[in-house]
Every structure is written in C-alpha cells, then in structure tokens.
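To keep things clear, I will list the structure first and then write my remarks on it.
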Protein chains: 2
Amino acid sequence: VEPYKLWYWPSIQGRGEFVRLTLEGAGIPYVDCARDQGADALMQDMKRRAPFEPFAPPYLDVGTMVLAQVGHILTWLADAHGLAPKDEATLFWTIQLQLTVTDFVAEVHDTHHPVATMDYYDDQKPEAARYATGFRAQRMPKFLGYFDRAATALDGDFVAGAQWSPIDTSLFQVIEGLRYAFPKRMSAIESDYPALIALHDRVAELPGIAAYLKSDRRIPFNEDGIFRHYPELDAV
Amino acid sequence: VEPYKLWYWPSIQGRGEFVRLTLEGAGIPYVDCARDQGADALMQDMKRRAPFEPFAPPYLDVGTMVLAQVGHILTWLADAHGLAPKDEATLFWTIQLQLTVTDFVAEVHDTHHPVATMDYYDDQKPEAARYATGFRAQRMPKFLGYFDRAATALDGDFVAGAQWSPIDTSLFQVIEGLRYAFPKRMSAIESDYPALIALHDRVAELPGIAAYLKSDRRIPFNEDGIFRHYPELDAV
C-alpha cells in the first residue's frame, strides 16, 4: 500500500497539524509532500486537481480520492483505521465536536487577522488587540468549558471511551496552541478545565504522539501559523 | 415516525436556513421548535441536553440522537433520505464543498462582526468597512469562482449529477444571501459565475423549495441574521 500523501504548508503547524497528529498517533504511513518539495509544489499540485481541487490545504490523497477540510479528513481516517467510536451516537457526537474545534481554530486565527486575511498582522494590530480581548475574556472560557464537559461526558481515558480518536489529538493541539499563543491567559484559567488538561496529558503519552513530538517532523510553533505568540495580545 | 425536531433561532434564517432548505426540498417532516416555543425554549432545550449539548444552534433531534453543525447535519440527512451521491468520491467531495460553504458563511458573518462577536455592528463599523472591502474584492470572487467550477465539474443539473443534494440548496442560499447583503457587488460580478447562477435557478424551481419560498416558513432576510444588508458595506 502506498503511503497517503498529505499536502500542507511546509513551514507551519497550522490546520495541517490536526491531520499530522492523527496520522502520527495511529502510525499511519504518510508523506508530508510539501516538506520535501516546497510550497510551490503544493500550489501546483492543488491546481493539477481541478475541477475537484480543494479550496485550501490541508488535503490528503488516499489513492482512491482526495479529501480536504480537517474535520472531514479526520472522520475518514478514523473510519478507515479503526479509531472511530463503534456506537453511532458517540461517533456522530465526536464529529460534531471536531467541527467545533474547526470553528474555534478559525477564531484563534482571527485574533491576529481580524479584519484583513491578506494583510500582515502589523497592519491590523489595534483591531487584533480588540478581538483578542473578547477572545480571552469570553471565547476561550466558553470553548474550553465546553470541551472540558465533553472530556467527562463518557467514562474512559478519552472522549469516546477507552480508545483515542481524532478529537483527542485535536483537543491536545488546542491546548498546546493556546499555551503557546496565550501563556498568561492559559496559566490563569487552565486549572478550571481539569478534565481537558488531563486528556491533553494522556494524549501526549500515546506512543505515536510522544515519538512525534520529539521528532523533527513536529514543526515548532511560529508566527506564521494559526497559534501565534504576540505578547501584546496576551494577558491574565 | 415522529417528525424531526429542528432547534434554531426563530427570527432569522442564519445557519439554520441551510438545514431548513434541505428538509423542505426533500419534504422531510420536521418541527421548527423555537418558532412555536421561542428563543428561551431553545436555550433551555440546549442546556437540558448536557453533557452532550451542542455548542450552538442549529441542531436536529432525529429521535435516536442529536446532530449539530450544519455540514454534519446535512451529511446525515442526505444519507438517511436518499439524497447522498452513490459514488463515494463524489459523496466525499460534496461533503468537503459543504464544509467550505460553512467557512464562507463564517466570513460573511465577519463582514458585520469582524472584531467583537458579542458587540453590536454599530460598535464596529469602521472595522466592518475594512473587512467588507477585502471580502468584496478578494473573498467573494475566490469562493464564487470555486463554487462555479464545482457546479460544472460533473455532468447533470446539480453538483453531484442528476439528483440534487444538500450542497445544491446550500449554494442556492449563498447566492440568495449575497444578493440580499451585497446587491451592488453581486450585480457587478454574478455574470462571471454562470454555472453557479444556473444551479441557483434550478434549485429555486425544485417543488419543495418553490413551495417553501412562498410560505411564511421562509423568514425574510433581516439585520439580525448572517446575511445583512448594510448599504455602507456594499459597493460595485
């Protein structure tokens, strides 16, 4: 079997990281194509797939088809590789949670790019400061509280029970990213979400994840990605 | 069989409209609960569903479970009611397109609420003007061009072929909404997307949709929803 081809920007974690984490956690063979071939190759590959091209990376070529949109890719991977909850109601609940992670990640992006996606952060700093204030005060507690309740809804070490699934690696990444981007705010509030933090810690100890985090395949957080540390956007 | 229970804000089309359109197009029995019982009942119903409560409306109680997130609800409805493309690659492509509609709708929302979701539009008018400028110039053509190519990718009257599916009613709603919110801009550019406009027109003629649009179940667009007409945000 050919390894899957993951296409995503080669210099950031970004949205692609949610896919990488599930692939790594499950030990699924894949090639992170643009890390070898560069961002130009990614843009060329996308065009080549017209009229079925993805709207944006990440996308995963699984041989028989190309999947785009993080939640969609992860749902397919979970089903294809035995990670999906067996109970239908639980499965569908985890898919909904994953799409809620997608919504939250879009808001994280907007903390540094609230008014002009195509412009630099430096061109929208006052607007970003205003967005980030509401994000820290209202949106972070709302989403983290929601995910914390999700982490305790069912028995077992992971959201869906005894077996981890993509929502667990995704919530791990949310915590990692928020700690990087908003360290002061996270220090102040993360003890309010003990189940979510405990879940994060258990994901970090999964053998595939632990090995990945120590490898150079894990790109460090940086100020080109989704989770960016701009000290002026952070506060207790 | 009990009709499904749809829960969404009773006074706006909003994100719930994408679900209503598929239900109406397919003639699936449902009760739009909060239109009878009010917004307070919606908020109480959501809480009642803890710890599996949706993060936000719309959600659909189908008896055996509760589904939230528009793309997720529509994928389930299509599968359960014979609307889903039979070919797996086509099915998965339409799911990806639907999630891209979700992304676009979030950007439409941000045209009037770019920096503070909890505040009024009146408190963020300069920021909205800046966001809307980039939205009209860059994002509208990018998304509409993408969806126009999608509308021509396969033979047949609809995105997936001869049978309409939720992505068709969703793209119909995108065009309806943009025409309401940005009439000047849409008049200037919509002829660039003939396949998408033709698709919109065919959806409008589906018997279930045509009847719905004439009924009082179709809430008029207004300035509390996602697609809002603020003349100062529109331009050629």
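Observations on the structure shown:
- Helices (runs of 4 or more DSSP H) wholly inside region B:164-219 containing at least 2 residues that are closer than 24 Å to B:V31 by Cα and without any contact (Cβ under 8 Å) to a residue 12 or more places away in the chain: B:207-214
- Taking region A:136-178 as the range and being farther than 23 Å from A:G71 by Cβ and of a type in the set (D, E, K, R) as the test, the residues that pass are A:R136, A:D155.
- Taking the conditions (1) within 16 Å of the chain's Cα centre (by Cα); (2) more than 25 Å from B:F52 (Cα to Cα); (3) away from chain B (no Cβ under 14 Å) in turn, A:D45 satisfies each one other than (1).
- Residue match in region A:55-72 (condition: open to solvent by 30 Å² or more (accessible area, probe 1.4 Å) and more than 12 Å from chain B (Cβ to nearest Cβ)): no
Every residue, every condition in (1) at pLDDT 95 or above; (2) open to solvent by 50 Å² or more (accessible area, probe 1.4 Å); (3) within 13 Å of chain A (Cβ to nearest Cβ), yes or no:
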position: B:E107; (1), (2), (3): yes, no, yes
position: B:K142; (1), (2), (3): yes, yes, yes
position: B:G145; (1), (2), (3): yes, no, yes
position: B:Q163; (1), (2), (3): yes, yes, no
position: B:D168; (1), (2), (3): yes, no, no
position: B:L171; (1), (2), (3): yes, no, no
position: B:V174; (1), (2), (3): yes, no, no
position: B:E205; (1), (2), (3): yes, yes, no
position: B:A211; (1), (2), (3): yes, yes, no
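- Residues of region A:185-202 that turn out to be open to solvent by less than 60 Å² (accessible area, probe 1.4 Å) and out of contact with any strand residue (DSSP E or B) (no Cβ under 8 Å at 6 or more places or on another chain), as a count: 11
- Test result for A:Q138, open to solvent by 10 Å² or more (accessible area, probe 1.4 Å), among the polar types (S, T, N, Q) and within 7 Å of another protein chain (Cβ to nearest Cβ): yes
- Test: A:A39 is of a type in the set (A, V, I, L, M, F, W, C) and either open to solvent by 40 Å² or more (accessible area, probe 1.4 Å) or within 14 Å of chain B (Cβ to nearest Cβ) (or both): no
- Applying a threshold of 6 Å to beta carbon distances and a minimum spacing of six or more residues, or different chains, the list of pairs starting in region B:224-236 at a residue that is within 19 Å of B:F18 (Cα to Cα) and ending at one that is in a loop (DSSP other than H, G, I, E, B) reads B:D224/B:I12; B:G225/B:I12; B:G225/B:Q13; B:G225/B:G14; B:I226/B:G14; B:F227/B:F221.
- For region A:123-163, the candidate set comprises residues that are in a helix (DSSP H, G or I) and either in contact with a Cys (Cβ under 7 Å, 6 or more places away or on another chain) or among the aromatic types (F, W, Y) (or both); within that set, the residue that is nearest to B:K47 (Cα to Cα) is A:Y146.
- Within region A:73-85, restricting attention to residues that are away from every other protein chain (no Cβ under 14 Å) and of a type outside the set (G, A, S), the residue that is most open to solvent (accessible area, probe 1.4 Å) is A:H81.
- Every condition in (1) open to solvent by less than 30 Å² (accessible area, probe 1.4 Å); (2) among the β-branched types (V, I, T); (3) assigned to a loop (DSSP other than H, G, I, E, B) is met by B:V1 except one, and the failing one is (1).
- Taken together, the residues in region A:110-128 that are open to solvent by 40 Å² or more (accessible area, probe 1.4 Å) and in contact (Cβ under 8 Å) with a residue 60 or more places away in the chain amount to 1.
- The requirement of being open to solvent by less than 40 Å² (accessible area, probe 1.4 Å), of a type in the set (G, A, S) and either outside any loop (DSSP other than H, G, I, E, B) or closer than 24 Å to B:A56 by Cβ (or both) is not satisfied by A:G14.
The values are calculated or read from the model by the stated rules, or taken from the named source; none is laboratory data. All values derive from a computational prediction rather than experimental measurement. Glycine also receives a Cβ, built like all others from the backbone with ideal geometry; neighbour counts cover every protein chain displayed. Calculation scope for accessible area: heavy atoms of the full protein, side chains included, ligands and nucleic acids excluded. Shrake-Rupley method; radii C 1.70, N 1.55, O 1.52, S 1.80 Å.
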